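Taking it in order: structure first as structure tokens, then the write-up.
Just so it is clear, none of the values below were taken in a lab; they were calculated from the coordinates. Keep in mind that what you see is a predicted model, and the values were worked out from it rather than measured. Please note: Cβ atoms are built from the backbone with ideal geometry, for glycine as well, and neighbour counts cover all protein chains shown.
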């Protein structure tokens, strides 16, 4: 049986996000279901037109939520009664130019949006960063193996097996360095943080015959 040293290796690469997704919504309450639906539709149409006027392509606009529900008053002595209807409509917006994020938010709110549910940053294509992280992970594994081999008094041989573990996909999380991306004409400052791409590997190195000097 071939003798081996099996070690883990970890690689992390810091990247800056180049794309963002924001979710904007409209919420209205009217006395009838039809009036609520119509009012929400008018408001969301205005929001979409405002975003389009700022350069957002239709392919980057996706309806995320449509809902219509009764508003019920439970405080009456006569029991619950419907006092109106609530309509909600939200859209997911892909922002491909991060410098315009603040401007887009302000334009949407000015056009009638009543909520901003979230703003997530990510890397559109993390493959290059993942490749760098893999290289770092292999280098880390080799350093570990060399240390173990030296301490054990054996000679480290070639790689005889490699498996890649689950890496971390780039996602939003607190970063030590924040990038201010406030548009000149916008009152809303938007910041995108650096993110990490992480890859882990498990590497088996052969132990060559003969002890090290």
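Every Cα-Cα pair in segment 97-147 was counted, and those over 14 Å apart are 71% of them.
Annotation: the residues 100, 32, 94, sorted from fewest to most other C-beta atoms within 10 Å of their own C-beta, follow the order 32, 94, 100. Separation of segment 9-70 and segment 143-163, taken as the distance between their Cα centroids, equals 54 angstrom.
Spacing of the modelled spin labels on residue 120 and residue 96, each 7 Å from Cα toward Cβ, amounts to 2.0 nm. Put in line by how crowded their Cβ is, counting other Cβ atoms within 10 Å and starting with the fewest, 105, 19, 5 read 19, 5, 105.
Across segment 41-97, Cα-Cα pairs more than 14 Å apart make up 64 percent of the total. Counting neighbouring beta carbons within 10 Å and listing from fewest to most, the residues 131, 77 come out as 77, 131. Taking a ≥ b ≥ c as the square roots of the eigenvalues of the Cα gyration tensor of segment 19-122, is the shape rounded (a/c under 1.5), prolate (a/b larger than b/c) or oblate? In terms of gyration-tensor shape, prolate.
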